[in-house]
Amino acid sequence: MEVIKLCENFPRNAAGFETAKQLIRAAGSVGANYRASARAKSPNDFLYKIEVVKDANLQGGNELDQLVKEANELTAIFAATDKTNKAKIKK
């Protein structure tokens, strides 16, 4: 995973370790929520899980451009899924 590779380059101090730990946990959470959406118990449960994934966000400097681009692409996919399923629920 690219996030782990990125975190390996963080400074080897308390701030670097804590930031890396949080970033790795957040990246894993997005994937876990996306996988969980496939096992949603109802349309509303699916919608909730997709919204959690959609709201995930990476912020960073120049060296994070590729990860931010990928995060934005995934956010667009999840936002479209969210919109489509909201329309289905309203019908």
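All of the numbers you see were taken from the coordinates with simple rules; none came from a lab. Keep in mind that this is a model prediction, so the values were computed, not measured.
Here the Karplus curve 6.51 cos²θ - 1.76 cosθ + 1.60, taken at θ = phi - 60°, turns the phi angles of the range 45-52 into couplings of 5, 4, 4, 4, 5, 5, 5, 4 Hz, with x standing for Gly and Pro. At full extension, GLU8 and TYR48 could sit 11.2 nm farther apart than now, given 0.36 nm per residue minus the alpha carbon distance. Summarised in one figure, the compactness ratio Rg/Rh of the range 2-90, Cα atoms and Kirkwood Rh, is 1.07.
Taking 29 Å as the straight-line reach from the Cα of LYS21, the lysines in range (excluding those fewer than 8 positions away in the same chain) are LYS5, LYS49, LYS54, LYS69. Averaging the sequence gap over all C-alpha pairs within less than 8 Å and six or more residues apart, then dividing by the number of residues, gives the range 2-90 a relative contact order of 24 percent.
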